[in-house]
Each structure stands twice: as C-alpha cells, then as structure tokens.
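The values are calculated or read from the model by the stated rules, or taken from the named source; none is laboratory data. Not measured: the values here are computed from a predicted model. Cβ atoms come from the backbone with ideal geometry, glycine included; neighbour counts cover every protein chain shown. All accessible areas refer to the heavy atoms of the entire protein, side chains included, with ligands and DNA or RNA removed. Shrake-Rupley method; radii C 1.70, N 1.55, O 1.52, S 1.80 Å.
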Amino acid sequence: MRRGIVLILVCLLVSLSGKAEEYYKLEKLRDDIAAELPNGWQEKIETQWRTVEIDTQVIVPDAERMPILALRAVQEPPEVPTGLETGWTQVQGQKGGGVSMTHASAPDMPDFDKMKCASQHYYAPVDMSMPLEDFGNRTLQALSDELMAAVESVNQGKHAWDTAHPYDVMVNTYTDPKTRATYQGYVNFLAYESFCGIPLIRHIGYFLPWDLPNWSGRITWNGMLMGIDPYGGGRFTYQGRVCKVLQEDVPLVGFSKVQSALRREVEAGHIRKILCLQLGYTAFDLQDDPEGYTGVACPIWYAQVWWTHQGRDRLKDEEADYPTNAYGRLEYARIAIDAQTGEIISAAGSTVRGWKRIKGIEVYQGSLTWEDVQ
C-alpha cells in the first residue's frame, strides 16, 4: 500500500509540474542543506491570525547513503568483562543489558537523599559544548565521550547510538536545605540507536494519534541510557538490535518539499513553532519474515512542534506550580514526514485532532527505488 501511494504521488508530481521531481542521495542532501541553511531554517510565515517565526536547526545524519533495513531484536544481554580498560574498575551486570560502574578512587559523595533535587532537561538539539561547573567544567560532550569509552569496552562495536545528538540530557541539581549550597549530582544522556550512521527514532506508531493494538514483537524504542556523576560513578543500559539490508540506497526528496509540507500546516493555523527537525528512520512492521525480522527502517523527517487544532486557538498558559519547557507544553506534537515524498505521514499529540485513521499504515509495503524515479 505505501509503495503504491508513493508511486502515485510521483506520477502526480510529474503530471502537475510537467517535469520529474528531483531526488538526492543522502550525502548530497546533507551538503546542500548545510550550504543553503548554515544557521538552520529561518523564515517568517504570515498567516491570517499571526506571524509565525521559524528558527530551527536541521539535523541530517553524517552518512553517505540511506539504505532500507530489516530489524530484529537481540535477545542475549551484553557480555560484561571482568574489568574495563577505560578507568572503570568495577562492573556489574544488570537485567536488561545494564551495567553499573565505579572508579577505584571515587571521592566521597554528599548525602543527596537529604537534599531537594531539581532536574533540568535539555532537548534536541542539545548544546554539547555546555560546561558543567561541578564536573570540573568538562563539557557535555566530554562526559558523553567518557561514558562511551566505557560502553565500547562492553559493546565491542556490535551496536551503535547517535550520541552526537542526544535527544534528552538531564542534569540533576541538589540543594542542601541547611546551607543552601547546590551540587550538580548526576547527568543522564538519552540517545537513539543508529544503523549505518542513521538514528532509528521511533516506530511509526509513535506518530499516530491512535493506539496500535498488541505491541509484542514490534520494533519499539531501544536507545542508550547512560549517566555519570562527578564522584566517580556511572552507568549505562542498552539492548541492541541487528539489521539486514533490503535496499542498498534509496532516493530522498529535496528539503524544499519538506519545508512546503510544514509551511502548509503553519498557514492552516496548526503549527505555531518548530522545535527541532531531524532526518532519521522510523520502523514499520515486517510480517512473516522467515529469519525473524519484525520491522523495517524507512527514512522520515521528524518534526517536533507546537500544534493547535484551529488557527484562532490560543496557546495555553503554563501553570505557575508546574512550569514546563518548550517540549513539555500541552501543545507539543510530533510529526513524521516521508523523506521520499516530502508529505506528512501522520502527526500525534494531545491537541492533534481529526487525523484520518488508515488501516494497515503500520505495515511495511515497500519503498521508492532509484529505478522508480529515473
């Protein structure tokens, strides 16, 4: 079904425009976006209700091609060695593939159990050059690199994660109720699993405004969770998957088509702000594969936005006792855009209404090939 829809869209584009749509290899698309939008997508869009300002980074994987991949879970947990060569001296296996670590010369940690904890979240795109004072002014990138060195002592290159672009970094700050002194006590990183250098963001069900039945066997979120404190402690948890190549490389539509799709939703009064725009994979279901693969990774543009049902709707005021950030608003929504057609597949969020339910949208039906567009 999906392949048929894609081919119909290609034919319509040719018939309406009189010329074939231009398609790109991933490397060319990334280079063109970097050259044309060095500061991200910046634009003011006039609607009948207001002016909407677009100012968002555009994250494109540092890879040369965009293959279509079949995916399946790995059942066995990581093999934990008796010692790590990266400075971590104690290792303990945990259920689900987790590993806890401590340094041999860890300094004494304050009693955080008696302190008030406040968590600050930094969402994609995260400024990885940000230094943390209580970590000796090391940057988030330096802390991530230290953790990944420990991860690789266990992982041995079997799996990969897009730690260069974590989608959530949480910094816990503790306050001593007596002295009012504050301490940065722990930093957690959440990153997508990646295949062929491309992050697997979520299953397509994550972008549907309705629930899919029976998630058993589906390719759900399975990224990297890792954390570190300034007192010699750390941990990481993962459970990798494996892939096989179904198509070596597929064509991607120009970024202007993606912009047009989002611009239409701005002009319709739905999108009020684009928080982040990222190219990656979503997973569709693969049925009855003899090798046990249960999903297929297909290219999408992932847009995180503020979405309202009608153009005249006002954004809800934040509650004074429950402050949120840009990603915690009631109007937060997520959009999946087909990277081969530039058309929106689906959108989901508490303020997204009226999206037509398409039976079988979650099942893989094929992808556009270079032969299709030539």
For segment 169-190, list residues with backbone N below 11 Å from a point placed 7 Å from the Cα of LEU225 toward its Cβ?
189-190
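Among 306-313, 255-262, 190-197, 351-358, what's the highest-first ranking by average C-beta atoms within 10 angstrom per residue?
Working: 306-313: 16.5, 255-262: 19.4, 190-197: 21.1, 351-358: 12.5.
Top of the packing list down: 190-197, 255-262, 306-313, 351-358.
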What percentage of the solvent-accessible surface of segment 145-235, computed with a 1.4 Å probe over protein heavy atoms, is contributed by carbon and sulfur atoms?
50 percent
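Starting from the Cα-Cα distance between ASP249 and MET130, subtract it from 0.36 nm times their residue separation and give me the gain in nm to one decimal.
Extra length available between ASP249 and MET130 comes to 39.2 nm.
Rounded, prolate or oblate: which fits segment 142-220 when a ≥ b ≥ c are the square roots of the eigenvalues of the alpha-carbon gyration tensor, with rounded for a/c under 1.5 and prolate only if a/b beats b/c?
On the way: a/c = 3.04, a/b = 1.48, b/c = 2.06.
Oblate is the answer for segment 142-220, as a/c is 1.5 or above yet b/c matches or exceeds a/b.
With every protein chain present, what is the per residue accessible area of segment 246-358 (1.4 Å probe, Å²)?
On the way: 4800 Å² over 113 residues.
I get 43 Å² per residue for segment 246-358.
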Quick one: P(r) of segment 287-363 from all Cα-Cα pairs, 5 Å bins, percents rounded to integers, in order of increasing distance.
3, 12, 17, 19, 16, 13, 8, 6, 3, 2, 1
A chain fully extended from ALA118 to ALA181 at 0.36 nm per residue, minus the present Cα-Cα distance, gains in nm 21.4 nm
Convex hull over the alpha-carbon atoms of segment 219-362: what's its volume per residue in Å³?
171 Å³
Could you name the lysines whose alpha carbon sits less than 19 Å from that of LYS116, not counting residues in the same chain fewer than 8 places away?
LYS178
Calculate log10 I(q)/I(0) of segment 161-280 for q = 0.10, 0.13 Å⁻¹, where I(q) comes from the Debye formula with a single equal point scatterer on each Cα and nothing for solvent.
-0.53, -0.81
Distance in nm between label sites at GLU36 and ASP62, each 7 Å beyond Cα in the beta-carbon direction?
2.3 nm
Students often forget the sequence filter, so: which lysines lie under 30 Å Cα-Cα from LYS257 once same-chain residues fewer than 8 apart are removed?
LYS19, LYS25, LYS28, LYS44, LYS244, LYS273, LYS356, LYS359
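Can you work out the FRET efficiency for the pair ASP111 and ALA164, with r the C-beta to C-beta distance and R0 = 35 Å, to the nearest 0.05? Provide the component values of the computation, followed by the final result.
Values: r = 35 Å, r/R0 = 1.01.
Computed FRET efficiency for ASP111 and ALA164 comes out at 0.50.
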By average Cβ neighbour count within 10 Å, what is the ranking of 281-292, 63-74 from highest down?
63-74, 281-292
Give, rounded to the nearest 20 debye, the magnitude of the charge dipole that segment 175-310 has about its Cα centre when Lys and Arg contribute +1 at Cβ and Asp and Glu contribute -1 at Cβ.
660 debye
Could you list the residues of segment 237-254 with an amide nitrogen less than 16 Å from a label point located 7 Å from the Cα of THR369 in the Cα-to-C-beta direction?
245-252
Return the distance in nm (one decimal) between the two label points of a simple spin-label model at GLU27 and TRP49, each offset 7 Å from Cα along Cα→Cβ.
4.5 nm
